[in-house]
Amino acid sequence: DSGVTQTPKHLITATGQRVTLRCSPRSGDLSVYWYQQSLDQGLQFLIQYYNGEERAKGNILERFSAQQFPDLHSELNLSSLELGDSALYFCASSGPDPHTEAFFGQGTRLTVV
Amino acid sequence: SQQGEEDPQALSIQEGENATMNCSYKTSINNLQWYRQNSGRGLVHLILIRSNEREKHSGRLRVTLDTSKKSSSLLITASRAADTASYFCAPGRGSNYKLTFGKGTLLTVNP
């Protein structure tokens, strides 16, 4: 158990809909990372937050947004969903220093039908 | 790009054999991490090697780093079927906070 909790584990929704994925980091970790993993694109870095502020941005679509709340949990919002958004979405957390060990959650499997 | 590129893309060996996978990167780094991912699961951190280190061991894992060649290798000795997984490297550089990964090496250990 990594200590990072992601909910829900599975999500099936229709095209055009909006969903919210939730991540609770390990106790004491200030950094939260979001990733999208699909068979054709591999593991894509989406965005990183540190103590409530956006720190780094990757290949995140404009239809996607994220935030980190004062209690350090984070949410990834995906809107106007397309079939191609079907993927595993991972959250990871780490301590304050960059490039230290990151702990990954078990992921949310999103299926868009 | 900061992300590393793992090589080979796939590796199949017999139980008990050693497995070596490589990582190349393009920029100078402060450290480099290796992660393992079992199918459909979250990544698990294996080892971190700093830029001033040349070699590091953890159990059956041995990581080397050659900053002059901008490359690292991960050696798994006496492999087991349970080592079957994808392995990713993540170079870390300065204040660049992105933790990015390549496509990984898929290791299959046959019993």
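What order do you get for A:18-27, B:99-108 when each peptide is scored by the mean count of other beta carbon atoms within 10 Å, highest first?
B:99-108, A:18-27
Using Cα springs under 10 Å in a Gaussian network model of chain A, which residue among A:GLU101, A:GLU62, A:GLU82 shows the largest mean-square fluctuation?
Highest fluctuation among the options: A:GLU62.
Output ³J(HN,Hα) for the range B:38-48: one whole-Hz value per residue in order, computed from phi by the Karplus curve 6.51 cos²θ - 1.76 cosθ + 1.60 with θ = phi - 60°, and x for Gly and Pro.
7, 3, x, 10, x, 5, 10, 5, 9, 6, 10
Would you mind giving the average projected area, over all directions, of the Cα convex hull of chain A in nm² with one decimal?
Average of the hull's projected areas for chain A equals 6.5 nm².
Below 8 Å, C-alpha to C-alpha, sequence gap of six or more: please give me the relative contact order for chain A in percent.
That works out to 37 percent.
Evaluated at 20 °C with a viscosity of 1.002 mPa s, what Stokes-Einstein diffusion coefficient in µm²/s does the range B:66-110 have when Rh comes from the Kirkwood expression over alpha-carbon pairs?
169
Each reported figure results from applying straightforward, stated rules to the coordinates on display, with no laboratory input. Remember, predicted model here, so these are calculated numbers, not experimental data. Neighbour counts run over all protein chains shown; Cβ positions are idealised from the backbone, glycine included.
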